[in-house]
Amino acid sequence: MLSGEIRVLLPAVLAPSAGGTSELRVPAGDGLTVGTLLDGLGDRFPVLGRRIRDETGMVRKFVNIYVNGEDIRTLDRLHSPVAPGSEVLVLQSIAGG
């Protein structure tokens, strides 16, 4: 991975919404946050964007996002910074019984 990129990892259940891939590389930029990263992914892959965020733009309850292993809920949520070279993991909870 280039240091000027962000690596976004998706579970298999979300890969079809991202053109069939579970790993995306996004150019890093100054002031990039989880929110702006998700905005860009939603523009590029609208179905993926709707699966990650609700109508208000908030991350859906059953979706967990980690930046370099840190849950964004313990950081600054959508305002959490994403530095060049970071890895963002998007996980969708699976309900079962």
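The values are calculated or read from the model by the stated rules, or taken from the named source; none is laboratory data. Every value quoted in this text rests on a predicted model; they were computed, and no experiment measured them. Glycine gets a Cβ as well: all are built from the backbone with ideal geometry, and neighbour counts include every protein chain shown. Areas reflect the complete protein model, heavy atoms only, side chains present, ligands, DNA and RNA absent. Shrake-Rupley method; radii C 1.70, N 1.55, O 1.52, S 1.80 Å.
Given the -39500 (n - 2.57) contribution per DSSP H run of 4+ residues, what per-residue ellipticity at 222 nm results for the chain, rounded to the nearest 500 deg cm²/dmol?
Value at 222 nm, helices only: -5000 deg cm²/dmol.
Given R₀ = 25 Å, what would the calculated FRET efficiency be for ASN64 paired with ASP39, taking r from the Cβ atoms and rounding to 0.05?
E between ASN64 and ASP39, to the nearest 0.05, is 0.85.
Compute the distance in nm between two label points, each set 7 Å from the Cα along the Cα-to-Cβ direction, one at SER93 and one at ARG73.
Distance between the two pseudo-spin positions: 0.7 nm.
Can you tell me the orientation of helix 34-44 relative to the chain, as the angle in degrees between its alpha-carbon axis and the longest Cα principal axis, to the nearest 10?
Taking the Cα atoms of the chain, the angle to 34-44 is about 70 degrees.
I'd like the accessible area for ASP54: 1.4 Å probe, protein heavy atoms, all chains in place, Å² to the nearest 10.
50
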